[in-house]
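What follows is a single structure, written as structure tokens, with notes after it.
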Amino acid sequence: MISGAEIVIRCLQEEKVDYVFGYPGGSVLHIYDALFKQEEVKHILVRHEQAAVHAADAYSRSSQKVGVALVTSGPGVTNTVTGIATAYMDSIPMVVLCGQVPTAYIGQDAFQECDTVGITRPCVKHNFLVKDVKDLAATIKKAFHIASTGRPGPVVVDIPKDITAQVCDFDYPKSVQMRSYNPVVKGHLGQIKKAVQMLQEAKRPIIYTGGGVILSDAAERLTQLARKLNFPVTNTLMGLGGYPATDKQFVGMLGMHGTFEANNAMHYADVILAIGARFDDRVIGNPEHFGEEKRRVIHIDIDPSSISKRVKVDVPIVGNVNDVLDEILKLIDGGFTADPEVADWWKQIDEWRGRNSLAYRQSEHIMPQYVVEKLYEVTGGDAFVTSDVGQHQMFAAQYYKFDKPRRWINSGGLGTMGVGLPYGMGVLLANPGSQVACVTGEGSIQMCIQELSTCKQYELPIKIINLNNGMLGMVRQWQEMFYSKRYSQSYVTSLPDFVKLAESYGHVGMRIEKPEDVEPALRKAFTEYKDRLVFMDFIIDPGANVFPMVAAGKGLTEMILAEDI
Amino acid sequence: MRHIISILIENEAGALSRVAGLFSARGYNIESLTVAPTEDPSLSRMTILTWGSDEVLEQITKQLNKLVDVVKVVDLSEAAHVERELMLIKVRATGKDREEMKRMADIFRGRIIDVTESTYVIELTGASSKLDSFIAALDAGLILETVRTGVCGIGRGDRILKV
Ligand SMILES: Cc1ncc(C[n+]2csc(CCOP(=O)(O)OP(=O)(O)O)c2C)c(N)n1
Ligand SMILES: [Mg+2]
């Protein structure tokens, strides 16, 4: 017989968890004690629980494993909510273990009590409150199973302190049977055949893919399929790296800040093959405007509720993206002839490409786009890039050409400022020795800046690319364009000296103010300071805006281009 | 369109809040909701009366199915079914109204299940519209209190919702 606390640790060992991101407190002291007595599961002590969850989330995003966080009851849990909601919106498999007050105190407004199951319910795939130590192992097993199967997502397990002290036999279930939870994997063959038929008939096809391709590790299959079809491919913000961005069939990211060619191709396509994407508002713009063109839609997704949610779908295929693509490839290998008119479509696309919508104005100041371009060059296009939320995030997405999946790590769905640095931590722990850049802004980085301390403790050599415009740039951009330049609260005064700040945490700090210094600084950071965290404070042109832009409520083709300004 | 959704759900603590939370978070209507364990005490049966277009209903069913505790979901109103609701209504029953109330209860096949010098409690079962008509048929000033269970329903014949 072993204690509940030991059971928790044994379960993590059984799940081959190598890192847990967490922060201790009263209700998890037994668990921390059990953690202390073993070596397999390593613990990363963050400086704020939000960062623990973000780091676990990125650990998962950049590997194929389930991220794990461990926090104490009450404030420990409430601090995780942003992180959980962020993971939930992007369907990231994660298990969050939370301490809870002892069973007998629940409901008594005990010290550090909160209704964890209630607070997290709307932003988890599922959650559990363990009420009997005999259920503990099976519940944790279920949590990992639910988090990582079907449409993945975060699962919270709330564990009262007394449960971690009680003892029982440890028996970790080999598998999970749940009558209420059996996600579909294989796509319907009849539907798949219909889809292939529709692809043959397409004159203006587009392959539109999202985070589902990354999550189901289907990038390779997608690339094979797209090459066979010779159709244009566009990725959502979450789908970047699902198809090599340097390939000629890639038309760029689509949506609010998508390329001219991607947005036009999406809008005017007669057949859309949507794969693991969900036609969200940042992608298709105004749905009425999008609906004006007649087209047919094939939609492959593991989650039936994503299909026909915002756009009516003609051929729904529910299943694991990778498995479905496999089936499609098999059918296509049996013979596939694309419509000859697709050649004209390519001509049209090349014409749109000719607009060169990512060209940007030059300036005596450092342009943020230029920094990302140089970052791409210096890292050989092979870095993991985490980002925050704002203009810098869009610049990173637009100008760093991701050829591989799981390299672009950002909060697409919730748009959470502050994720960049903790994301970098999770990525580095999952991929030791890799180049990890965090492209951030002076606003976002300050939302989890305390993690510089964690990075020092565990020697995590993240390269922070702070695109410092002294503004909440994305907010300022909207105010400039839609609020007659009334810059309400978008100016960040009293910024710290980031160089000194980095140094005070024991890191390397650099301030880069001239365009010609950009590349040397980056090179230095990635070579000389390879093993150090380097905080690069790039003082950029404060007026730089992100283009193309589809304003909220506008149609996908109603883009504002840099040349219009 | 009016729809009756029947749900079989694990009889776990918090199951009801998952369903109710889903409806409020996604802005779906709940006209009425009833829930109780089935003959298998590990399962609860929930009946939700809701309104929405076909697209909304499709989403409601898909989203309910996505809840990990939900075993089965069916839109009863898609095919032949029967539905009932129970109402307890307390009315003033004095003077000439006392006789009138008794007569009305009889007409609607209600039963008087509690009697005091000045009040009756009438029990009435039927389709919701029948309960509505009963209320409409009474002098509003005489109604002291109404309690309705919300609709519950079941498929006809071989239409069975079971694991
Ligand atoms: C937690 C959070 N709060 C507020 C916002 C709204 N928001 C989106 S972008 C942005 C500005 C970000 O500023 P900065 O990090 O400096 O990036 P920049 O746009 O200047 O590159 C804000 C406030 C958000 N996305 N997340
Ligand atoms: Mg900024």
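The values are calculated or read from the model by the stated rules, or taken from the named source; none is laboratory data. What you are looking at is a predicted structure, and each value in this text was computed from that prediction instead of being measured. Backbone-built Cβ (ideal geometry, glycine too); neighbour counts: all protein chains shown. Please note that ligands, DNA and RNA were not included when accessible areas were found on the heavy atoms of the full protein model with its side chains. Shrake-Rupley method; radii C 1.70, N 1.55, O 1.52, S 1.80 Å.
Share of pairwise Cα-Cα distances greater than 21 Å in the stretch A:297-391 is 68 percent (whole percent). Between the listed residues A:P122, A:Q108, A:A58, the Cα displaced farthest toward the positive end of the dipole of the stretch A:53-131, a dipole computed from Cβ unit charges relative to the Cα centre, is found at A:A58.
For the stretch B:131-145, the Karplus equation 6.51 cos²θ - 1.76 cosθ + 1.60, evaluated at θ = phi - 60°, returns couplings of 5, 4, 5, 4, 4, 5, 6, 8, 5, 3, x, 8, 7, 9, 6 Hz by residue, with Gly and Pro reported as x. Rounded to the nearest 20, the size of the Cβ-charge dipole of the stretch A:93-224 about its Cα centre is 980 debye, with Lys and Arg at +1 and Asp and Glu at -1. Entry note, chain B: relative contact order of 27 percent, from Cα contacts under 8 Å with a spacing of 6+ residues. The count of lysine pairs in the stretch B:73-163 with alpha-carbon distances below 25 Å, taking only pairs 8 or more places apart or on different chains, stands at 4.
For the residues of B:65-72, the average number of beta carbons from a partner chain within 10 Å of their own beta carbon is 5. Interface of B with A. Using a 1.4 Å probe and counting protein heavy atoms only, the two chains hide about 1500 Å² of accessible surface, both sides summed.
In deg cm²/dmol, rounded to 500, what helix-only [θ] at 222 nm does the protein assembly as shown give when every DSSP H run of at least 4 residues adds -39500 (n - 2.57) and the total is split over its residues? List each step's numbers first, then the result.
On the way: 27 runs with 257 residues, N = 728.
Value at 222 nm, helices only, nearest 500: -10000 deg cm²/dmol.
Per residue, the stretch A:283-327 exposes an accessible area of 38 Å² to a 1.4 Å probe, with every protein chain left in place. Cross-link reach is defined here as a Cα-Cα straight distance under 13 Å, omitting same-chain residues fewer than 8 places apart; for A:K309 the aspartates and glutamates meeting it are A:D280, A:D281, A:D301, B:D54, B:E55, B:E58. Evaluating 6.51 cos²θ - 1.76 cosθ + 1.60 at θ = phi - 60° for every residue in the stretch A:123-139, the Karplus couplings come out as 10, 10, 5, 7, 9, 9, 10, 7, 10, 8, 4, 5, 8, 4, 4, 5, 5 Hz, glycine and proline recorded as x. Calculated on C-alpha atoms, the gyration radius of the stretch A:341-389 divided by its Kirkwood radius gives an Rg/Rh of 1.15. Could you sort out which of A:K248/A:K514; A:K485/A:K514; A:K294/A:K404; A:K248/A:K347 sit more than 24 Å apart by Cα distance in this structure? A:K248/A:K514; A:K485/A:K514; A:K294/A:K404, as the Cα separations exceed 24 Å there.
Over the Cα atoms of chain B, the radius of gyration divided by the Kirkwood radius equals 1.06; this is the Rg/Rh ratio. Relative to the Cα centre, the charge distribution of the stretch A:10-92, modelled as +1 at Lys and Arg Cβ and -1 at Asp and Glu Cβ, gives a dipole magnitude of about 80 debye.
Taking the Cα centre of the protein assembly as shown as origin and assigning +1 to Lys and Arg Cβ atoms and -1 to Asp and Glu Cβ atoms, the resulting dipole is close to 800 debye. Where the convex hull is taken over the Cα atoms of the stretch A:105-186, what is its projected area averaged over directions, in nm²? Spelled out: convex hull of the Cα atoms, projected over all directions, averaged, 6.5 nm².
Could you calculate, for the protein assembly as shown, the ratio of the Cα radius of gyration to the Kirkwood radius, expressed as Rg to Rh? Show your work: numbers first, answer last.
Working: Rg = 29.2 Å, Rh = 28.3 Å.
We get a ratio of 1.03 for the protein assembly as shown.
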